[in-house]
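Remarks on the structure that follows.
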Amino acid sequence: MRQMNVAVVGATGAVGTKIIEKLIERKFPIKSLKLLASKRSAGSTIQINGEDYVVEETSETAFEGIDIAFFSAGGSITEHFAKHAIEAGALVIDNTSAFRMTEGVPLVVPEVNPDAIREHNGLIANPNCSTIQMVAALKGVKDQFGINRLIVSTYQAVSGAGADAIEELKQQSENFENRVDNKADILPSGSAEKHYPIAFNVLPQIDLFGEGDYTLEELKMMNETRKIFDDYEMSVAATCVRLPVVTGHSESVYIELDRDDVTVDQLKEAIRSVPNVVLQDDPSQQLYPMPLFAEGTDEVFVGRVRKDRDKKNGFHLWIVADNLIKGAALNSVQIAETYLEQQ
Ligand code: A2P
């Protein structure tokens, strides 16, 4: 296989660090690895396989000779630098929401729509973390029985908001123990006017508010799900909530199928048919997915599968995955692997 010159933009961040880990763990064919971040961390070193790599400042000329550039440093950085990477001949795999809904930009979960990769124009978008785990869990069900309505409520970890948000939760938890007044600067959104403590709290706001009083995170889930499934008729509604959990997003999902003769066993079989999706569902053993146990894993876990008591075509389920791994870094690396396999 061709060896690739790889760059990671946001290499010092919560997701960038995991992208590097996954590239190494999965033996991605790397010829050279360039670590890019902001001016603040330029000159610092990151140890990979016992070797020190120096972090460089992201610049317009940093992408000379790069074949694949992973971006995970925020939407504005992608908006500014991705075109320079593409002009330099690199394929950009972007973990931000900057171009996800742009026409001509594939939005890919390799277990769900790998063929969309072929239509790229230099940039492939990695979906929102909550979207990835949901569409992977529902892919088999959608293909076999059709889904015409989906209502999701999320229970999202702070690491989805970056390393600073993890620090904020830890600091607030310590302050709470010590009866120190809690200060909030990051959550629910760095750019929001008001901030609220996340420790011992639940925030029904992720990102800023948008159209119809849905938050941007909710709109991302609703729009991205339709784009990935290539089904713009499907009705999707989301409520996104942040919890004081460090890593691992959970989701309570209600779906209505096109058919009303599907059994719970058939639904479970369809869920299990998708690679990297694991059914963890045995109430007699209190077996169900939980974020604490999903942390550090590659899979999407599904449990609590139940038929609705009133709607014949309605089902409820519970989906959990590590938001930094399958929800971000692993999915990005899988996109790169699938792209190479398709060459
Ligand atoms: P740095 O560590 O130098 O600030 P997280 O999602 O965990 O908050 O991480 C954000 C990532 O984006 C970090 O690697 C951070 O680098 C990087 N980043 C932030 N601002 C810029 C910028 N202006 N140019 C390039 N990278 C940036």
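The values are calculated or read from the model by the stated rules, or taken from the named source; none is laboratory data. Owing to the predicted nature of the structure, the values given are computational and were not obtained by experimental measurement. FYI the Cβ positions are ideal-geometry reconstructions off the backbone, even for glycines, and counts take in every protein chain you see.
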Report whether or not Phe301 is assigned to a strand (DSSP E or B) and farther than 20 Å from Val236 by Cα. yes
Looking only at segment 63-83, count every residue that is more than 9 Å from the ligand (Cβ to nearest atom) and of a type in the set (Ser, Thr, Tyr) and tell me the total. 1
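For segment 1-96, which fully contained strands (runs of 3 or more DSSP E) count at least 3 residues that are surrounded by 20 or more Cβ atoms within 10 Å (Cβ to Cβ) and within 24 Å of the chain's Cα centre (by Cα)? Walk me through it before giving the result.
On the way: elements: 4-9, 30-37, 45-48, 51-57, 68-71, 91-94.
Those strands (runs of 3 or more DSSP E) span 4-9, 30-37, 68-71, 91-94.
Mind checking which residues of segment 184-239 are among the aliphatic types (A, V, I, L, M) and over 23 Å from Val135 (Cβ atoms)?
Residues of segment 184-239 among the aliphatic types (A, V, I, L, M): 184, 186-187, 192, 198-199, 202-203, 206, 208, 216, 219, 221-222, 228, 234, 236-238.
Answer for segment 184-239, where residues must be among the aliphatic types (A, V, I, L, M) and over 23 Å from Val135 (Cβ atoms): Ala184, Ile186, Leu187, Ala192, Ile198, Ala199, Val202, Leu203, Leu208.
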All conditions in (1) within 13 Å of the ligand (Cβ to nearest atom); (2) farther than 29 Å from Tyr232 by Cβ; (3) surrounded by 15 or more Cβ atoms within 10 Å (Cβ to Cβ) are true of Asn182 except (1)
Considering only residues that are of a type outside the set (Ser, Thr, Tyr) and within 18 Å of Tyr254 (Cβ to Cβ), which ones fall in segment 205-232? Glu218, Met221, Met222, Arg226, Phe229, Asp231
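Is it the case, given these coordinates, that Gln156 is within 16 Å of the ligand (Cβ to nearest atom), at pLDDT 95 or above and either more than 20 Å from the chain's Cα centre (by Cα) or farther than 26 Å from Thr338 by Cα (or both)? Spell out how you get there, then give the answer.
Details: within 16 Å of the ligand (Cβ to nearest atom): yes; at pLDDT 95 or above: yes; either more than 20 Å from the chain's Cα centre (by Cα) or farther than 26 Å from Thr338 by Cα (or both): yes.
It is true that Gln156 is within 16 Å of the ligand (Cβ to nearest atom), at pLDDT 95 or above and either more than 20 Å from the chain's Cα centre (by Cα) or farther than 26 Å from Thr338 by Cα (or both).
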For segment 242-292, what are the residues that are assigned to a helix (DSSP H, G or I) and among the polar types (S, T, N, Q)? Gln266, Ser284, Gln285
